[in-house]
Amino acid sequence: MVNVVPVDLGDRSYEVRIGFGLIDTLGAELAPLLTRRKVAVVTDETVAAVHLMQLAKSLENAGIAMTALALPPGEATKGWPQFSRCVEWLLEQKIERRDVVVAFGGGVVGDLVGFAAAVLRRGVRFVQLPTTLLAQVDSSVGGKTGINTAQGKNLVGAFHQPSLVLADIGALDTLPPRDLRAGYGEVVKYGLLGDAGFFDWLEQNGAAVMAGDAAARLHAVTRSVQMKAAIVSRDETEEGERALLNLGHTFCHALEKATGYSDRLLHGEGVAIGCALAFALSQRLGLCSQEAPSRVRAHLKALGLKTDLSDIVGDLPDAEGLLRLMGQDKKVVDGRLRFILTRDIGQAFVAEDVPHDLVLALLTEALAGR
Ligand SMILES: NC(=O)c1ccc[n+]([C@@H]2O[C@H](COP(=O)([O-])OP(=O)(O)OC[C@H]3O[C@@H](n4cnc5c(N)ncnc54)[C@H](O)[C@@H]3O)[C@@H](O)[C@H]2O)c1
């Protein structure tokens with residue numbers, strides 16, 4: 001069974017196809033997009049080791065020639081050195097304007113390769129084949145591409161929509177539990193930002209999603225993608241509503257920077273902690289009930305996700321230091337801190353001018369709990 005979610009963006013519209021066995025049918029899915037039977041696949045070494053043979057076979061069966069590059073795994077890859085390596089490799093492979101590049105991996109590969117496709121010969125088409133839960137529910141959809149720099153996260157990039165997204169749920173079977181949990185942080189985010197019913201469903205079925213139940217995974221990914229696709233279709237370049245997808249991210253990006261984009265904190269883990277903090281901040285501002293933050297934390301904890309600053313191993317900057325790191329986030333407008341806050345589970349909104357001292361107090365207490 002394949003669920004198809006359209007992303008409606010006029011002449012840049014595309015489909016997200018979600019199901020089992022999609023790596024095996026990649027060749028057939030790609031063929032209609034190709035003007036010549038050759039594709040460049042960019043992946044990372046871990047994904048290459050477990051899934052590249054399967055992908056190569058699928059392309060071979062469809063008579064499509066493949067050339068592949070495997071980058072080192074991990075967030076540190078998402079920077080200038082591996083980006084320029086990727087772009088130059090694509091040029092060496094003589095990838096032309098009408099060719100298609102395949103991004104085969106998690107969000108790191110998807111973001112970097114999407115950006116490479118955006119700038120290569122002023123833009124070539126690319127297809128996302130996400131292999132992590134995070135990439136399937138979030139990063140492969142919506143066309144945000146880019147890399148990190150010394151100044152911060154995702155500060156260089158482009159909006160470049162893929163031509164197709166194929167989320168093969170079966171690929172998740174080889175994903176390490178920690179990465180699965182991190183991806184689940186983004187799944188929960190959708191319930192928290194706009195669908196209380198989905199959050200209820202996750203409370204009932206989240207354990208099955210994590211345990212590998214096929215139907216539960218298919219539903220969780222499909223519902224998440226439906227929500228993202230709908231928001232992106234209405235606000236592609238984040239003039240308004242798309243900002244809601246950043247629930248938890250102002251905190252998350254500061255924490256990722258503080259931990260050096262290392263495996264001390266995975267992006268999805270930071271999102272989970274950030275969501276818990278966003279609910280706590282909302283409650284302090286009198287926006288939501290006391291029960292809402294407790295319920296959020298209880299669910300995240302029940303599934304083994306990080307929820308507190310004390311869940312991050314090693315030193316962190318003090319509250320002032322973390323606040324300064326937030327000031328470098330893209331979501332800062334004219335130096336004012338912009339947060340996604342909530343009135344309840346499923347009711348997020350953009351708050352433009354949150355008082356610094358309140359955030360500082362919250363961070364001070366959160367750090368004291370370490
Ligand atoms: N563009 C967007 O809209 C958007 C949205 C959310 C997150 N992101 C970005 O996504 C990135 C995080 O993505 P991620 O969590 O997928 O990390 P990732 O790409 O680093 O993948 C996590 C790890 O899992 C491994 N892996 C991937 N698929 C596997 C599989 N099927 N089996 C075994 N191992 C596998 C990878 O090699 C890596 O070690 C961050 O850089 C974040 O900023 C982007």
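The values are calculated or read from the model by the stated rules, or taken from the named source; none is laboratory data. What you see is a predicted model; the values in this text were computed from it and never measured. Cβ coordinates were reconstructed from backbone atoms using ideal geometry, including for glycine residues, and neighbour counts include every protein chain displayed. For accessibility, only protein heavy atoms count, side chains too; no ligands or nucleic acids. Shrake-Rupley method; radii C 1.70, N 1.55, O 1.52, S 1.80 Å.
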Lysines within cross-link reach of Lys144: Cα-Cα under 28 Å, excluding same-chain residues under 8 positions apart? Lys38, Lys78, Lys94, Lys153, Lys189, Lys228, Lys257, Lys306, Lys330, Lys331
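Where does the chain land at 222 nm, in deg cm²/dmol rounded to the nearest 500, when only DSSP H runs of n ≥ 4 count, each adding -39500 (n - 2.57), divided by all residues?
Details: 12 runs with 164 residues, N = 370.
That calculation yields -14000 deg cm²/dmol at 222 nm.
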How large a share of the accessible area of the chain, in percent, is made up of carbon and sulfur atoms when the probe is 1.4 Å and the other protein chains stay in place? 51
Normalised alpha carbon radius of gyration of the range 228-369 [divisor 2.2 N^0.38 Å]: 0.99
Estimated inter-spin distance, Asp311 and Gln93, nm [label 7 Å along Cα→Cβ]: 3.6
Helix axis angle, 45-61 relative to the chain longest principal axis, alpha carbon, degrees: 40
Helix 291-302: angle to the longest alpha-carbon principal axis of the chain, degrees 0 to 90, nearest 10? 50
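Using a 1.4 Å probe, what is the accessible area per residue for the range 223-278, in Å²? Write out the running numbers ahead of the final one.
Details: 1460 Å² over 56 residues.
Per-residue accessible area for the range 223-278 comes out at 26 Å².
With a probe of 1.4 Å, find how much accessible area the range 63-211 has per residue, and write the answer as a whole number in Å². Present the calculation step by step, with values, prior to reporting the outcome.
Details: 4970 Å² over 149 residues.
Accessible surface, normalised per residue, equals 33 Å².
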State the antiparallel share, in %, of DSSP beta bridges confined to the range 1-139, rounding to the nearest 5. 25
Of Glu291, Glu75, Glu203, which is the most mobile in a GNM of the chain whose springs link Cα atoms less than 10 angstrom apart? Glu291
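Before anything else, pin down the relative contact order of the chain: Cα pairs under 8 Å, at least 6 apart, normalised by residue count, whole percent. Each step should come with its number before you reach the end.
Working: 716 pairs, mean separation 55.2, N = 370.
Relative contact order comes out at 15 percent.
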Computed about the Cα centre, the charge dipole of the range 5-62 from +1 Lys/Arg and -1 Asp/Glu charges at the Cβ has a magnitude in debye, to the nearest 20, of 260
Going by alpha carbons, how many degrees (0 to 90, nearest 10) lie between the helix axis of 177-194 and the longest principal axis of the chain? 70
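Can you compute the FRET efficiency between Lys301 and Ala28 using 1/(1 + (r/R0)^6), with r the Cβ-Cβ distance and R0 = 51 Å? Round to the nearest 0.05.
On the way: r = 43 Å, r/R0 = 0.84.
The pair Lys301/Ala28 has a calculated efficiency of 0.75.
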Can you send over the solvent-accessible area of Ile273, 1.4 Å probe, protein chains only, in Å² to the nearest 10? 0
Expected max-MSF residue from Phe159, Phe104, Phe339 in the GNM of the chain (alpha carbon, under 10 Å) is Phe159
Quick one: putting +1 on the C-beta of Lys and Arg, -1 on the C-beta of Asp and Glu, what dipole do you get for the chain around its Cα centre, in Debye to the nearest 20? 700
Report the antiparallel proportion of the DSSP beta bridges in the chain as a percent, rounded to a multiple of 5. 40
Gln204 versus Ser13, label points 7 Å from Cα toward the beta carbon: distance in nm? 3.3
